[in-house]
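The values are calculated or read from the model by the stated rules, or taken from the named source; none is laboratory data. What you see is a predicted model; the values in this text were computed from it and never measured. Cβ: placed from backbone, ideal geometry, glycine included. Neighbour counts: every protein chain shown. These area figures cover heavy atoms from the full protein model, side chains too; ligands, DNA and RNA do not enter into them. Shrake-Rupley method; radii C 1.70, N 1.55, O 1.52, S 1.80 Å.
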Amino acid sequence: MLKSDSSNGFQSLLLESKFAGGKERLAVSLLFSVIAAGIASLVLYGAYYGGITALLLRSSFFSLVAAAAMLFYALRYKNIMGRGVFYLLALLALIPGPYLWHYYIDIVMRGAMSVEQDRLIFIALIAVVFVFVRIAVGRALIILMALAFLYAYFGYLIPGKYGHGGYDISRFTSTLMLSTEGVYGVPMGVAVEYIFLFGLFGAILTKIGTGEVFVDLARGLTGRVQGGPGLSAALSSALLGSLNGSAVANVVTTGTFTIPLMKRVGYSAKLAGAIEAAASSAGQIMPPVMGAAAFLMAEMIGIPYAEVAMAALVPALLYILALMISVRLEAGRLSLERDTEAGLQLLLNTLRTKSYLLLPLVVLIGLMISGKSPTQAAVMGILAGLLVCPWKKATRINVVDLIAACKETLSSTLPIVAAVAAAGVIIGILNLTGMGLMLSGLIIELGDGNLWAVLLLTALASFVLGMGLPTSAAYLLLAVLVAPAMTQLGMETLSAHMFIFYFGLVSAITPPVALAAYAAATISGAEPNETAVESMRLGFVKLLVPFLFVTMPGILLIGTTTSVIAAISFATLATASMSIGFSGWLRENLSWVTRILYVVAAILIAWPAAATDTSLFVVCARVLGVIVFAVLLVKASMGAKLVDMLKAAKV
């Protein structure tokens, strides 16, 4: 916990560097921390008081973040010349924000028409964006940005409907820098208004020990059940992930504790790593943060954030249900031990001694339910965290700890800010050229106007983009390129966006990327790809439930009360049945025929039709599925009782 002396606390402000000298590292680290504290102040002020024009707030935020990023990544370079280039880029990054502040009235008076000095600043801005994206995210977005610029500039050379008159640097500057249509567009607005703010909220809660409370509560609820450490890992990682929304961060945070504990009671290294990876992935789909996508989705669709969060709740709970069932059945198959140090006593002790650390979450949720904006609720949640932490010595934090929380938040959000800057550029050019609408038409043509064909194409495109991009960037691009095609074919807007969101983030546990699974394998000592494959089996809901968004939008709380209740009921039964089928064990090892029957029952129960469809075929299919599932459960229960009777008779 935090409870370090000032010397150890100061060490938390230092950035890692194998090549920079001690003084250089110290100077860069302190400057990075000062910028992080400045960004936090800007974000908190803008979130609670508002009043700052969107263009000015977003440009100032990006200038500070990009400058900090150049300092952060400079320390990775062995060559002093390489580090020097990044220090110069840091200075360049600081120019656009103050420039727009100074000349804002003039820019407005000339209708955002660019002049020569605007264009020079724009060139510097784009150079910084390209370098930032390349080193923070990778080549994929660099290639997409380059292609977008080439298409916009040389469009006059393209014949047919995909060609256009071409745009020059003057138009690029006006659109991408002097307006909120490009770098400083909606994605950057979400980054400054939500992503950094909620990241800071999660970092402060971690500092005061709320993450440990989640782990202890999970162990208290599940620890004495057979295989309890696996259930504890699933539950605690999902709870912690609901704050930070990062699968990899969850793995390295909770996995260092849960994976060794799982191995100690009998889970194999591969299974322990897979459980942690699959559980940590729940954080990306569990409100309130959802890897920042909830805020992006609300802005893109134009609906309240609370509506997006509520819609995401049931699918996330289905994922956790499937995972908990699978983990419990694996424990039964392996005849694992229980966590003797956990149980009711730990739960009661945790509630008695540490429950006050959950107050910030209560404040956050309560204020949002009462109608406060998410940003104001997050600010008050942060304030609540700072107010409760002094209650006990073990949870107190000092100024250095606060600055460290700002530093950690900034470090973790660098790739996201780079991604949204690139996405803003691409989206701005697509809107400028009209290519976004044309691509939607092309997708419909490729799918021959069939919604299911378009869904499969979308799932594939989302999966591929998700392998090379952060969740937020993949979602943004798909929201512009693909979601319109899905809605044109009659799909609910929220369902379409949730569909691409799910498939954009599934790469966290699927090869060849599977970053969460690989991180878990590093801790468990298992083979990474085997861990990833096992994670896919445990986290199958992410691959299947998005298709229910189409046929049963009730699980997103869309529709009448009857359709919502019916959809949730069918989805829950189908999830349970398929979990058992994929696990292959229920009181005893299941034959392949029995496993297939469980899967078939799940498919019949979740038959692709509206939850309230009363046509004869659909009703018969679902009734048959429920009967098959019930018969299989009864058979398993009777078989277990018979075995117990035979054992008793022998005794």
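Below, the figures for the structure above:
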item	result
Failed criterion for SER412 (all others in (1) open to solvent by less than 50 Å² (accessible area, probe 1.4 Å); (2) under 30 Å from GLY138 (Cα atoms) hold)	(1)
Test: residue in the range 610-622 that is aliphatic (A, V, I, L, M), open to solvent by 10 Å² or more (accessible area, probe 1.4 Å), under 20 Å from MET324 (Cβ atoms) and touching a helix residue (DSSP H, G or I) at 6+ places or on another chain (Cβ under 9 Å)	no
The range 199-218 residues that are closer than 24 Å to PRO229 by Cα, paired with ones that are open to solvent by 10 Å² or more (accessible area, probe 1.4 Å) and of a type in the set (Lys, Arg) (beta carbon under 8 Å, 6 or more apart)	GLY209/LYS354; GLU212/LYS354; VAL213/LYS354; ASP216/LYS354
Verdict on ALA146 being open to solvent by less than 50 Å² (accessible area, probe 1.4 Å), over 29 Å from ILE105 (Cβ atoms), assigned to a helix (DSSP H, G or I) and without any contact (Cβ under 8 Å) to a residue 12 or more places away in the chain	yes
Pairs with Cβ under 7 Å, 6+ apart, first in the range 261-274 and modelled with pLDDT of 85 or more, second of a type in the set (S, T, N, Q) and part of a helix (DSSP H, G or I)	ALA269/SER524; LYS270/THR531; ALA272/SER524; GLY273/SER524; GLY273/THR531; ALA274/THR531; ALA274/SER535
Which numbered condition ILE555 fails, given (1) surrounded by fewer than 23 Cβ atoms within 10 Å (Cβ to Cβ); (2) in contact (Cβ under 8 Å) with a residue 24 or more places away in the chain; (3) assigned to a helix (DSSP H, G or I)	(1)
Residues of the range 177-193 satisfying the condition of being assigned to a helix (DSSP H, G or I) and surrounded by fewer than 24 Cβ atoms within 10 Å (Cβ to Cβ)	VAL186, GLY189
Residues located in the range 521-539, provided they are open to solvent by less than 60 Å² (accessible area, probe 1.4 Å), more than 26 Å from ALA602 (Cα to Cα) and outside any helix (DSSP H, G or I)	ALA526
From PHE172, PHE196, residue being under 23 Å from MET297 (Cβ atoms) and of a type outside the set (Asp, Glu)	PHE196
Search result, residues across the range 522-532 that are more than 20 Å from the chain's Cα centre (by Cα) and in contact (Cβ under 8 Å) with a residue 24 or more places away in the chain	ILE523, SER524, GLY525, ALA526, GLU527, GLU530, THR531
Of all residues in the range 4-50 being in a loop (DSSP other than H, G, I, E, B) and loosely packed, with under 14 Cβ neighbours inside 10 Å, the one that is modelled with the lowest pLDDT	ASP5
Looking only at the range 455-504, and only at residues there that are β-branched (Val, Ile, Thr) and surrounded by fewer than 22 Cβ atoms within 10 Å (Cβ to Cβ), the one that is modelled with the lowest pLDDT	VAL464
Where VAL108 falls short, out of the listed (1) at pLDDT below 95; (2) in contact with a helix residue (DSSP H, G or I) (Cβ under 6 Å, 6 or more places away or on another chain); (3) aliphatic (A, V, I, L, M)	(2)
Checking LYS542 against (1) charged (D, E, K, R); (2) part of a helix (DSSP H, G or I); (3) open to solvent by 10 Å² or more (accessible area, probe 1.4 Å), the condition it does not meet	(3)
Given (1) surrounded by 15 or more Cβ atoms within 10 Å (Cβ to Cβ); (2) part of a helix (DSSP H, G or I); (3) modelled with pLDDT of 85 or more, index of the condition THR350 fails	(3)
Lone unmet requirement of (1) in contact (Cβ under 8 Å) with a residue 24 or more places away in the chain; (2) in a helix (DSSP H, G or I) for MET113	(2)
